[in-house]
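Heads up: the structure comes next, in structure tokens.
The values are calculated or read from the model by the stated rules, or taken from the named source; none is laboratory data. Computed from a predicted structure; not experimentally measured. Virtual Cβ from ideal backbone geometry, glycine too; neighbours counted across all protein chains shown. Surface accessibility is based on the protein's heavy atoms, side chains included, excluding ligands, DNA and RNA. Shrake-Rupley method; radii C 1.70, N 1.55, O 1.52, S 1.80 Å.
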Amino acid sequence: MKLFPIFPSSGITGLHVSDSAGNRYSSGSTLSLGSVLISSSSSNTLKIENNGNFTVTLTGNPDAVSKGGIHSSQYVINSQPSSTSLADGDSSSFQISFQPSSAGVKAAYLIINSDDPNIGTYILYLKGTGTEAPAPAIQVSEDSFNFIPNSQTNFYAASGGTSSKTITVKNSGEQDLVISNISLSGPDASSFSENGIPVTISPKKTYTFTISFNPSSASTFSASISIDSNDPNTASYVIGLSGVGTSGNAPQISVFYSDNNNISRDITSSTGFSYSFGSVFPGEISSSKTITIRNLGSSNLDLTTPVSLSGTDPGEFTITQPTSTSLAPNASATFLVKFSPTSVGSKSATVTLSTSNGKGGNSSSSVLAVSGAGGRRDVIVTWAHSKEHAVHMASGAYRVCYKKGSDFSAQGDSGVVCDADVMYAGDPYTPNYKTITVSSAGTWYIRVKSFSQFNATGSAFSKSIQATVSSPGY
């Protein structure tokens, strides 16, 4: 018995797949399907070819070609091979379609089970990119802060004074963006003003206008501004406006961070902002996410209240408290958040920064939702068998065992893990691949043994292969 990792072979002998251009793909190769518009479809006719000195039978049941992977739902196997028995030099065609439902790179893989004594289970990785159709796309920002629809921006001014912000509208799309109306609404709309006008913005160009806050008293004010356009995804771009009128000297907190797209976000008093640390192996610690605090007011900002964690999994995250407990006017401080999962699976928590005087001398609260996943990595293990060595008896099975850091010779050796057996399935040949899941980085040693009706203790282990895992997959 032989054991094969799924990496491209140095040559192609036996079972392989070719595309319509005649390119051949050995097991473990990647087929790139290019870019396809979202909700569109691109079909590809592929051939399964046998380039060996033997007849190969495709043993997949019920389908000779099946699929798997994180984005497998965005690939469709339109037709199966017409023949499942391929003599030397024979081929049989099948068809797949790439049908992206969202933008970005989509990954999956095809599985072809066979009795090829050298290849066994054939794996072909698929990669395609979903792209947006040409259209205008509105992007709204203030200095380095890129807003999201229904987010909020904050104004502070002494009673009777004025505070202004310059708003930039960019067309990040591929067609003209037509701004048809810019308007204020809300309970305190009269305390704000704007000078925006209808305008047409060419692709990649910008337009700027000003929003001003004019408080009539030392109080809080709220309103919203709507930017109506022909963006097919955001017909009306709404930003909440929060204003604080102060009397005399007072501190004013500003809190911001960079999101997962490296865009600065103002979370001073807004909600709905989040940050994902992605996948981290249990027992390891993520890189830090820095949150910055600034005092935009005219007296010291009190930061003696510790930043807190709450929510579903607060124990899976850690906080390094702000570098200062009292922040002078125009000064800044930072604090750090890290993700350190203790187990596999999704984790989430809420970071809350509270002050006694951050909102124009009144208490303030800034909130950020954080999340991550205790990661793991799937490793597909395949092994070859021929008809005379296949597990085709009652009680037949294959067992995959693995260990981190060093090789092993027996199932009972320290640190060895054996997954559930791959059992005889009632077909001529038992499946000859299995996905194992590991939850830490390192080099894993993998071996396989077989069982049959007349060999209940199992065969000797196969030679080992090594799978080096450096990062989690999800």
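For region 22-71, filtered to residues that are without any contact (Cβ under 8 Å) to a residue 24 or more places away in the chain and out of contact with any strand residue (DSSP E or B) (no Cβ under 9 Å at 6 or more places or on another chain), the residue that is most open to solvent (accessible area, probe 1.4 Å) is PRO62.
Inside region 198-242, residues that are closer than 26 Å to GLY161 by Cβ and either part of a loop (DSSP other than H, G, I, E, B) or of a type in the set (Asp, Glu) (or both) make up a count of 6. Mind telling me which of the residues LEU353, LEU301, LEU296 ends up being of a type outside the set (Gly, Ala, Ser), under 25 Å from THR153 (Cα atoms) and in contact with a Pro (Cβ under 6 Å, 6 or more places away or on another chain)? Answer to the check: LEU301.
For (1) out of contact with any Asp or Glu (no Cβ under 9 Å at 6 or more places or on another chain); (2) open to solvent by 40 Å² or more (accessible area, probe 1.4 Å), each residue gets a yes or a no:
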residue: SER222; (1), (2): no, yes
residue: ASN230; (1), (2): no, yes
residue: TYR237; (1), (2): no, no
residue: VAL255; (1), (2): no, no
residue: SER270; (1), (2): yes, no
residue: SER274; (1), (2): no, yes
residue: LYS289; (1), (2): yes, no
residue: THR292; (1), (2): yes, no
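Residues in region 153-172 that are of a type outside the set (Ser, Thr, Tyr), over 24 Å from GLY272 (Cβ atoms) and surrounded by 14 or more Cβ atoms within 10 Å (Cβ to Cβ): ALA157, ALA158, ASN171.
Here ILE291 passes the criteria (1) at pLDDT below 95; (2) not in a loop (DSSP other than H, G, I, E, B) except the one numbered (1). Once region 306-342 is narrowed to residues that are open to solvent by 60 Å² or more (accessible area, probe 1.4 Å) and hydroxyl-bearing (Ser, Thr, Tyr), the residue that is nearest to ALA373 (Cα to Cα) is THR342.
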